[in-house]
Each structure stands twice: as structure tokens, then as C-alpha cells.
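Here is the structure we will look at, set down as C-alpha cells.
The values are calculated or read from the model by the stated rules, or taken from the named source; none is laboratory data. Since the structure is predicted, the reported quantities are computational estimates derived from the model, not experimental observations. Here the Cβ is made from the backbone with ideal geometry for all residues, glycine too, and neighbour counts use every protein chain on show. Heavy atoms of the whole protein, side chains included, go into the accessibility calculation; ligands, DNA and RNA do not. Shrake-Rupley method; radii C 1.70, N 1.55, O 1.52, S 1.80 Å.
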Amino acid sequence: MRARCLMIQGTGSHVGKSLIVTALCRIFRQDGFKVAPFKAQNMSLNSYATLDGGEIGRAQAVQAEACGLEPEVEMNPILLKPMGETGCQVVALGRPLTDASAVDYHKLKRTLWEVVCESLDRLRERFELIVIEGAGSPAEVNLKKNDIVNMKVAEYAGAPVILVGDIDRGGVFAWLIGTLQLLEDHEREMVKGFLINKFRGDLSLLRDGLDFLQHYTGKPVLGVIPYIRDLKVQDEDSVSLDERRPGWGRKGEVRVVVVRLPRISNFTDFDPLETEEDVSLIYTVSPDELEGADLIVLPGTKNTVADLLFLKDKGLAAKIIEMRRRGVPVIGICGGFQMLGRKIKDPLGVESPFQEIEGLALLEASTTFEKEKATFQVKGVAIEDIPYLRKGETVEGYEIHMGRTEGSKFVFKLVRSNGEVVYDGMISEDGLVFGTYLHGIFDNTRFRRGILNFVRIRKGLEPIEPEEIDLKLERLKEYDKLAEIVRENVDIGMIYRFMGLG
């Protein structure tokens with residue numbers, strides 16, 4: 001029998017759809033169902049490389065893990081990676097299809113709709129339940145004509161829809177009612193109820209509003225989910241970084257400052273640093289806030305050249321070079337690694353109109369952009385002793401990049417998921433500058449603790465013995481915590497009934 005479907009839509013972006021889908025995926029798995037996530041079209045720079053070398057949104061990888069599954073491209077068949085204000089790279093079934101303006105992308109949607117339907121159909125043949133996530137709002141009247149991610153998907157799947165609103169932003173009742181009013185009659189019928197997310201305070205003070213909402217719309221409020229603090233479930237959208245200002249979070253002995261590039265990608269690379277009690281993790285766009293950093297990190301980016309120009313324009317490049325000269329270690333991941341070299345070459349115009357641009361010249365390296373995109377899970381070993389990792393120690397992570405970097409000797413010998421052997425990682429003679437293409441490098445306990453101890457010793461502090469933390473197990477505990485909170489505050493039985501499971 002084909003899987004039954006449930007769809008979570010929202011009154012807008014960043015209202016908590018991804019997190020609620022993650023919670024429901026975990027709940028259904030706990031209840032013994034074979035469940036999978038699905039999002040037809042995702043716009044995100046926070047992506048993940050699947051085992052077969054495809055690229056999907058990070059949120060669907062998280063949701064798959066909550067289901068106990070290996071992520072697959074069918075779970076997010078269309079991924080849009082913004083390249084500027086009006087354009088994006090279109091990734092279909094895990095592979096780059098084309099670069100398109102917003103107008104051009106709408107012309108592609110007829111073809112992409114077929115990809116969406118085929119992907120959902122394949123999942124429904126293999127699973128019992130599919131939890132579908134919408135995007136943005138279903139009431140964007142200017143976009144509904146070419147919809148391939150919200151109500152059109154719900155209609156195709158025959159999925160009951162639950163509409164989520166974020167009360168923390170204010171105006172949640174107007175959002176929910178207004179969204180409902182802008183839907184077509186048959187679409188309103190598909191909406192079975194509401195969830196109110198991120199509530200703080202005394203629930204009794206909300207009761208009159210909940211009663212009004214149910215009376216006015218004739219649809220039940222299925223639950224009010226509290227604002228959950230200290231939940232370590234990876235965020236999809238870099239808008240969550242707005243909360244991480246200087247002074248945010250733990251005050252640790254090691255101050256790690258991540259430069260928040262305008263097109264920052266895979267910022268979840270740095271979540272493992274928050275498991276370390278001695279780390280204070282900060283994101284910044286200010287040169288002044290690099291002052292006092294013990295470790296500076298240049299993260300991945302969708303457009304290395306544009307973000308390198310941003311660094312130079314804002315004075316961040318000069319400040320990073322100055323801090324390195326003063327003995328502060330600098331690490332670059334993926335696009336950040338490319339920036340650390342002497343030159344970035346783009347003879348084919350892959351990223352920019354510049355055929356060549358000067359890098360920060362902190363590593364003896366040069367990058368050339370190519371048309372082919374590398375998206376692989378990788379495992380390997382260190383082939384050199386470096387100050388924070390011994391020769392022979394293992395590393396793993398994943399690659400998502402379009403550049404090839406050459407230069408001084410490499411640090412890692414890696415085996416990609418397709419069996420190909422490659423070399424990665426470069427380091428300066430004094431160990432102060434390091435670059436790698438490996439997303440997830442900080443998931444490796446020995447590397448993470450090694451670089452932090454390198455910093456501690458330079459500060460005159462005692463090193464801390466690495467504690468082997470099973471990060472996957474820790475993530476599963478967080479999914480269970482999330483599932484428990486949602487169970488306590490949402491009528492899960494009614495959701496089952498909406499799906500015909502009584």
C-alpha cells in the first residue's frame with residue numbers, strides 16, 4: 001500500500017516547519033512506523049552530500065536521521081542555492097541542473113514538477129508514512145500559479161495539511177486567519193488544523209485567542225508548542241544566526257569567531273564546537289569583533305569571489321591578516337579555504353566575471369573553478385603530523401564545492417564515497433593557518449579538540465584530554481527530547497486520525 005501523507009505548512013518562513021516535521025518524523029518512528037521526510041523544493045545554502053554523491057537541503061538530512069534513515073535525494077528533489085538577489089543554482093535530484101534567474105526558474109517548473117511527483121511516488125512505494133514540509137507560505141498569491149511545493153503537493157499526495165504559526169513574532173492569529181482566507185475553497189478544506197509554535201508564558205492567557213480562532217475558522221488548534229531553549233537540533237536557515245551575537249551563549253576560555261559571510265553555507269559545521277565547555281562561539285561581520293579572537297574561522301560560501309570582495313570591502317580581510325600576524329590561528333572551510341590562498345581563478349566564469357582575483361595569501365595555494373561540482377561523503381587519514389592532529393589519525397566529512405585547489409603538500413588522504421582517492425587540507429609552516437574542503441571537520445573529536453588545545457597552549461592554558469563524544473547519539477537524544485515536548489503539547493491522536501489511522 002502506498003504511504004499515507006501528512007503536510008506541514010506555515011504562515012511564512014522560519015516559523016518552525018522544519019523542526020515540527022523533524023519532531024513528527026521522530027514520533028512516528030517511535031510509534032513503529034516506517035516514515036520518511038519530503039520537501040519538494042528547498043531554498044537553502046545549508047546543504048548535505050548524500051551517500052551516492054547528491055546534494056539536498058540540510059533540514060531533510062536532519063529529518064531523515066530522526067527517521068533512522070540515510071538521507072536520499074528523493075527527500076528533497078529540488079534544491080535552490082541563492083547566488084545573489086535574483087538568481088540561484090538549481091539542483092535537481094542532487095545534481096546541478098542550471099543557474100537561473102527567478103523568471104527563468106518559473107519557466108522550468110513544469111519540468112521540475114514531474115521530478116517532484118516521481119520522487120514522492122518512489123518514496124510512497126517504500127514507506128508507510130511521509131511527512132511533507134512546505135516552503136514559505138501557501139498564500140503567496142504572486143507565486144501560487146507556479147506552485148510546486150505547497151498546496152499543489154498536498155493535493156497530489158492527498159495529504160491533510162496542518163498550518164503552523166509563530167507566536168513569538170506577534171500577530172499569529174492574523175497570520176493564521178489571513179493565510180486561510182487567501183487560499184482557494186478546496187485548499188481551505190485541506191487544512192485540518194493549526195499549530196502555534198514558540199509560545200512563552202502562561203498558556204491560560206492564550207485561551208481566549210485559541211477559542212476565537214477555532215470558532216472563527218471552524219478548525220481545531222491541535223497544540224501550542226512552547227519556545228524550546230537549548231535544543232541542539234541543527235538549523236536550516238542562517239537567519240537563526242541573528243540570535244548569535246557577541247555575548248550570546250557560553251563564556252568559554254577559547255573565543256572562536258566565525259566570520260558571517262553574506263552567502264554563508266553549511267554553518268552547522270560549527271555546532272560541534274558548542275559541545276565543548278571551554279568554547280565561546282561567536283558569529284560576526286565586524287572587524288572590531290575579531291579583536292580578542294583566539295581562533296578565526298572562514299566558513300563555506302555559495303560564492304567565494306563575492307564574499308572575498310565583501311571581506312576586502314568591509315576591512316575584514318585586512319583585520320584577519322593582521323590577527324594572523326599577531327599569532328591568532330585562522331581556519332578556512334571550503335570557500336573559506338579557497339580565500340586563504342594566493343589566487344582564485346575563474347576562467348570559465350563559473351562564479352564571477354573575474355578571471356582571476358587575489359586571495360588573502362595566508363596559504364601557498366591557488367584555486368581554479370571548474371564546471372563539475374564535487375559532492376561526496378569522504379573518509380581518510382592524516383598523512384602528515386600537524387600541531388593538532390597526528391599522522392594516521394582518521395577524519396571524515398563531506399565535500400560540496402566547484403573548485404580545485406593546488407599548492408603546498410596536503411594533510412589528508414581521502415576516499416570518496418564513489419571510491420576515488422583524493423588529497424585535501426593545507427597548513428602553514430607554523431600551523432597558524434589551515435584550510436580544508438571537509439564540511440563536518442569539527443565533528444571529528446580528535447581534530448576539534450586538537451585545534452582547541454593548540455589554542456589553549458598558545459594562551460598558556462592546560463590542554464584538555466579529548467572526550468570521545470558520539471555526536472550522532474547526542475543528536476538522536478535531542479530528537480527524542482523534541483519529540484517528547486511535541487507529544488506533551490500536541491494532539492498526536494488527532495493527527496493520526498487526519499491521516500486515516502484512527
Worksheet item: What number goes with the only condition from (1) touching a residue at least 24 places away in the same chain (Cβ under 8 Å); (2) under 24 Å from the mean Cα position of the chain (by Cα); (3) surrounded by fewer than 20 Cβ atoms within 10 Å (Cβ to Cβ); (4) not in a helix (DSSP H, G or I) that ALA100 does not pass?
Response: (1)
Response to the item:
Log entry, pairs with first residue in region 332-349 being of a type in the set (Val, Ile, Thr), second being open to solvent by 10 Å² or more (accessible area, probe 1.4 Å), beta carbons closer than 7 Å, six or more apart or on different chains, reads ILE344/ILE357; ILE344/GLY359
Worksheet entry | Failed item in (1) modelled with pLDDT of 90 or more; (2) surrounded by fewer than 18 Cβ atoms within 10 Å (Cβ to Cβ); (3) farther than 19 Å from ARG458 by Cβ, with PHE310 passing the rest | (2)
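How many residues does region 261-277 contain that are charged (D, E, K, R), surrounded by fewer than 19 Cβ atoms within 10 Å (Cβ to Cβ) and touching a helix residue (DSSP H, G or I) at 6+ places or on another chain (Cβ under 7 Å)?
Taking region 261-277 first, the residues charged (D, E, K, R) are 263, 269, 271, 274, 276-277.
Among the residues that remain, those that are also surrounded by fewer than 19 Cβ atoms within 10 Å (Cβ to Cβ) are: 271, 274, 277.
Subset that is touching a helix residue (DSSP H, G or I) at 6+ places or on another chain (Cβ under 7 Å): none.
Result for region 261-277: 0.
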Fill in: Selection from region 423-439 of residues that are open to solvent by 50 Å² or more (accessible area, probe 1.4 Å) and assigned to a strand (DSSP E or B)
TYR423
Worksheet item: Which of the residues that make up region 399-422 are farther than 24 Å from PRO96 by Cβ, assigned to a strand (DSSP E or B) and open to solvent by 10 Å² or more (accessible area, probe 1.4 Å)?
Response: GLY407, LYS413
Item to complete: Say whether the condition of being more than 16 Å from ARG390 (Cα to Cα) and in contact with a Pro (Cβ under 9 Å, 6 or more places away or on another chain) is met by at least one residue in region 474-485.
Response: yes
Practice prompt. Answer yes or no as to whether GLY53 is on the phi < 0 side of the Ramachandran plot and more than 14 Å from the chain's Cα centre (by Cα).
Written response: no
Practice prompt. Would you check which residues across region 370-384 are part of a loop (DSSP other than H, G, I, E, B) and more than 22 Å from LEU298 (Cβ to Cβ) and list them?
Written response: ILE383
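Looking at GLU74, GLU65 in this structure, which one is outside any strand (DSSP E or B) and within 15 Å of the chain's Cα centre (by Cα)?
Numbers: GLU74 fails: within 15 Å of the chain's Cα centre (by Cα).
Going through GLU74, GLU65 in turn, the sole match is GLU65.
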Item to complete: Count, please, the residues in region 416-432 that happen to be farther than 18 Å from VAL378 by Cβ and without any contact (Cβ under 8 Å) to a residue 40 or more places away in the chain.
Response: 2
Discussion item. So for region 469-488 (the condition being under 30 Å from GLY327 (Cα atoms), more than 21 Å from the chain's Cα centre (by Cα) and without any contact (Cβ under 8 Å) to a residue 40 or more places away in the chain), does at least one residue qualify?
Written reply: no
Practice prompt. Would you mind stating whether PHE442 is open to solvent by less than 50 Å² (accessible area, probe 1.4 Å), in a helix (DSSP H, G or I) and within 14 Å of THR275 (Cα to Cα)?
Written response: yes
Worksheet item: Applying the selection to region 352-372, what residues are surrounded by fewer than 20 Cβ atoms within 10 Å (Cβ to Cβ), farther than 16 Å from LYS312 by Cβ and either small (Gly, Ala, Ser) or under 27 Å from the mean Cα position of the chain (by Cα) (or both)?
Response: SER366, THR368, GLU370, LYS371, GLU372
Practice prompt. Could you list all residues from region 4-19 that are out of contact with any Ser or Thr (no Cβ under 8 Å at 6 or more places or on another chain) and open to solvent by less than 10 Å² (accessible area, probe 1.4 Å)?
Written response: CYS5, LEU6, MET7, ILE8, VAL15
Practice prompt. Keeping to region 329-351, report how many residues are over 26 Å from ARG458 (Cα atoms), modelled with pLDDT of 90 or more and either β-branched (Val, Ile, Thr) or open to solvent by 10 Å² or more (accessible area, probe 1.4 Å) (or both).
Written response: 4
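Answer yes or no: is there a residue in region 41-56 that is under 21 Å from ILE264 (Cα atoms) and part of a helix (DSSP H, G or I).
no
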